[in-house]
1. Restrict the check to the stretch 69-86 and report whether at least one residue is closer than 16 Å to Asn126 by Cα and surrounded by 22 or more Cβ atoms within 10 Å (Cβ to Cβ).
2. Looking at the stretch 1-18, I want the residues that are closer than 17 Å to Ala98 by Cα and surrounded by 15 or more Cβ atoms within 10 Å (Cβ to Cβ) and have a partner that is at pLDDT below 95 and basic (Lys, Arg) with Cβ atoms under 7 Å, at least 6 apart or on another chain. Which pairs are those?
3. Output yes when any residue across the stretch 33-45 is assigned to a helix (DSSP H, G or I), among the charged types (D, E, K, R) and without any contact (Cβ under 8 Å) to a residue 60 or more places away in the chain, and no when none is.
4. Of (1) surrounded by 14 or more Cβ atoms within 10 Å (Cβ to Cβ); (2) more than 10 Å from the ligand (Cβ to nearest atom); (3) outside any strand (DSSP E or B), Ser55 satisfies all except one. Which?
5. Considering every residue within the stretch 152-171, establish whether at least one is modelled with pLDDT of 95 or more, of a type in the set (S, T, N, Q) and either surrounded by 14 or more Cβ atoms within 10 Å (Cβ to Cβ) or in contact with a Gly (Cβ under 9 Å, 6 or more places away or on another chain) (or both).
6. What tally of residues in the stretch 110-167 results from selecting those that are within 25 Å of Trp93 (Cβ to Cβ) and not in a strand (DSSP E or B)?
7. Would you confirm whether or not the stretch 118-129 contains a residue that is modelled with pLDDT of 95 or more, touching a Phe, Trp or Tyr at 6+ places or on another chain (Cβ under 9 Å), within 26 Å of Val155 (Cβ to Cβ) and more than 8 Å from the ligand (Cβ to nearest atom)?
Amino acid sequence: MTELHTERLCLRLFRADDARAFVALAGDPAVARMTSDIPNPLTEAEAAPWLRRESGEVRCALEYQGRLVGGAGYFRRPSGAGELGFWIGRPWWGLGLATEATRAIVRYGFTEGELQAFSSSHFTDNTSSERVLRKLGFHPIGRAAMWCVARRSMVDVVEYWLARPANEKRAREPAAGRWRALLDKMRRPGTTQSATGRESRREP
Ligand SMILES: CC(C)(COP(=O)(O)OP(=O)(O)OC[C@H]1O[C@@H](n2cnc3c(N)ncnc32)[C@H](O)[C@@H]1OP(=O)(O)O)[C@@H](O)C(=O)NCCC(=O)NCCS
């Protein structure tokens, strides 16, 4: 991925010269303590791995009005699901930027990234993250506890899941998918094909 644009944001790769702003914004205790892996305090040397892209990852800097304001992305699990993560610097909270950025990331993951689903989680004391995930259509699937580097303790989390919508088109539809779509089109309306090849009425 090179760049994505939403109504207000440019989602681009992090650059080495983002380090100072990254440390000021993500190193803010109010941000770091709501993530599992951002230390607090955070030094520029510790920030360096966040500015690099690892294979299997989509990791975007969020630029708003020409400034770095946050980050969002996912890493691809072997199962084909993407684990979504995001943060916004405190001066820009409550403007809808996390929702706008993660909506674009999720769309990208389902289309270009060919993900089957997204997973995510938030600490139980992170209501705004819960709102963001629910606005995107994520639903809770369980509870667990996760180590929080900034708090230096285990913290309870709610785990979430978002399955790929049936109508989300992949950018590169696999050949088998194209054949299935063609067969679906040829099938009589109002019927479905059972696993045994027999036709059955569609559920209401
Ligand atoms: C979570 C976070 C990314 C949200 O960013 P944001 O740009 O402010 O999010 P949005 O504006 O898109 O949406 C926030 C929602 O939470 C709601 N909200 C904010 N504070 C809230 C609170 N204390 N209680 C209930 N809802 C709250 C907002 O009203 C909004 O919901 P709405 O659109 O229904 O009104 C940001 O607070 C953050 O970076 N926090 C620290 C890091 C973090 O938590 N990352 C996610 C880890 S899972």
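1. Yes, there is a match, as at least one residue in the stretch 69-86 is closer than 16 Å to Asn126 by Cα and surrounded by 22 or more Cβ atoms within 10 Å (Cβ to Cβ).
2. Close Cβ pairs (under 7 Å, with a partner that is at pLDDT below 95 and basic (Lys, Arg)) amount to Leu13/Arg53.
3. Within the stretch 33-45, one or more residues are assigned to a helix (DSSP H, G or I), among the charged types (D, E, K, R) and without any contact (Cβ under 8 Å) to a residue 60 or more places away in the chain.
4. (1)
5. Looking through the stretch 152-171, none of the residues is modelled with pLDDT of 95 or more, of a type in the set (S, T, N, Q) and either surrounded by 14 or more Cβ atoms within 10 Å (Cβ to Cβ) or in contact with a Gly (Cβ under 9 Å, 6 or more places away or on another chain) (or both).
6. Residues flagged as within 25 Å of Trp93 (Cβ to Cβ) and not in a strand (DSSP E or B) within the stretch 110-167 amount to 19.
7. Checking the stretch 118-129: at least one residue is modelled with pLDDT of 95 or more, touching a Phe, Trp or Tyr at 6+ places or on another chain (Cβ under 9 Å), within 26 Å of Val155 (Cβ to Cβ) and more than 8 Å from the ligand (Cβ to nearest atom).
The values are calculated or read from the model by the stated rules, or taken from the named source; none is laboratory data. Computed from a predicted structure; not experimentally measured. Here the Cβ is made from the backbone with ideal geometry for all residues, glycine too, and neighbour counts use every protein chain on show.
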